[in-house]
1. Which percent of the accessible area of the stretch 290-399 is formed by carbon and sulfur heavy atoms (probe 1.4 angstrom)?
2. Which percent of the Cα-Cα distances in the stretch 339-378 go past 14 Å?
3. Per 0.36 nm of contour for each residue apart, how much would the distance between Ser220 and Tyr256 grow if the chain were fully extended, relative to their Cα-Cα spacing?
4. Sketch the reach of a paramagnetic label on Ser383 as a point 7 Å from Cα along Cα-to-Cβ, and name the residues of the stretch 255-275 whose backbone nitrogen lies under 19 Å away.
5. Test of understanding: what is the full-extension gain from Thr51 to Glu22, defined as 0.36 nm times their sequence separation minus their Cα-Cα distance?
6. Would you calculate the separation in nanometres between label points at Met414 and Gln249, each defined as 7 Å from the Cα along the Cα-to-beta-carbon direction?
7. List the pairs from Lys350/Lys397; Lys228/Lys341; Lys13/Lys105; Lys367/Lys397; Lys299/Lys344; Lys179/Lys228 whose alpha-carbon separation is above 27 Å, in the order I gave them.
8. Per 0.36 nm of contour for each residue apart, how much would the distance between Lys13 and Cys203 grow if the chain were fully extended, relative to their Cα-Cα spacing?
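The values are calculated or read from the model by the stated rules, or taken from the named source; none is laboratory data. Everything numeric in this text was worked out from a predicted model, so none of it was measured. Cβ placement follows ideal geometry from the backbone for every residue including glycine, while neighbour counts extend to all protein chains displayed. The area values use the complete protein model at the heavy-atom level, side chains included, leaving out ligands, DNA and RNA. Shrake-Rupley method; radii C 1.70, N 1.55, O 1.52, S 1.80 Å.
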Amino acid sequence: MQSLVDEWLENYKQDENAGFLELVNFFIRSCECKSTVTPEMFKMMSNSEITQHLTEQFNENSGNYPMIAPGPSWKKFHGSFYNNQRQFEAERNKGLEQRAPQRLKSLLEKRKEFQENQEEIEGMMNAIFRGVIVHRYRDILPEICAICIEEIGCWMQSYSTSFFNNSYLKYIVWILHDKHKEVHLKCVKALENKEGVLTNADCKKIYSIVYISNRAMASSAEEFVYWKIFYPECEIKAVGGRERRRSSQAQRTFIYLLLAFFMESEHHNHAAYLVDSLWDCAGSYLKDWESLTSLLLQKDQNLDDIQERMLIEILVSSARQAAEGHPSVGRSTGKKSLTAKKRKLQAYDKVELAEHLIPILPQLLAKFSADAENVAPLLQLLSYFDLSIYCTQRLEKHLELLLQQLQEVVVKHMEPEPNIIHKAKT
């Protein structure tokens, strides 16, 4: 590889156009495009015309890019992309007795030459960025997307003065919504690589925005909170990165992280705002009724009284969000009606919520019937599903259990807390 690079450099010094054309064709072939840019094309055609010609000759169904191709034949190709810097670092890290002074001096001169031509190199990188990454960062193959985002992160880390700015950050932010977890992970790593940009105090200021009444601002903070706190611990643990139902461990991790975040925020009366803020990013977690209720019912769940109360508030707020499909009081979106797709999803969520709560609610009331602060919000769950389901699906047995628990709640709180039912309704 080194001899090939040296040979190309000599050719480039003798004829810049021919050397540049050879490098262009190298990149074209690396992408498994069978076409070639000829000297005539290089002289007579514009860049856009050349790109169009190459596109027409490119096999869109091919995924055998050398940069990501598996197998031993491409191993050296992958590993030989970083020549001079690795050699210099390896030589410099040797002990004084083992160093080769002449070799170190030669490498240092090459490194100095690189530094002196920094501006020219960055210009070339910008050209590569505009010519390759801008067109490929949303490639049909998620592996290519991941490579592009990872490289943007490397550039921002290595040359932060030139590349850590909005012109490059926006590409990472845009692709955060990609459906592939591998691409998500590369985005998060690219953003977290730049340590020290945001201090813990800075992050806490952003975290608190999820509780404000302005929903647009809260939604912006929601994404930051989700990718910073929840995604690294929950999403990337999915087996094989495939789209499948999350593991119970990932769900449990999410719940404990959410409780910790809720407790540290000191906005303990605003569970509805927290749920509303996280709904778009983490709605599937918040609608996992089985995990939320099973944690409350387990005897060895290791939750203290405050965490237990917070989890009940989160459960009730999530049930309300799923059943009613609109933001909390004071957070109007300005939209008058839901789309047909969202109405269909809301109806599905409401049925799923009812099917889970009907057999579970009597158990929850039985466990927390003596605690007015916990049982009052649990009673609100009755207003979030259609009670006629008890009759239409022949669930009278569960209805009897529910009525028995309601009677026990009334009896237990009639004297000390006569307004318990009133509190539940409000």
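1. So the carbon and sulfur contribution to the accessible surface is 53 percent.
2. In whole percent, the share of Cα-Cα pairs in the stretch 339-378 beyond 14 Å is 58.
3. Extending this stretch completely gives an extra 10.7 nm.
4. Hits in the stretch 255-275 for Ser383 at 19 Å: 269-275.
5. Residue separation times 0.36 nm, minus the Cα-Cα distance, leaves 8.8 nm.
6. Label at Met414, label at Gln249, 5.1 nm between them.
7. Lys228/Lys341; Lys299/Lys344
8. Answer, rounded to one decimal: 63.4 nm.
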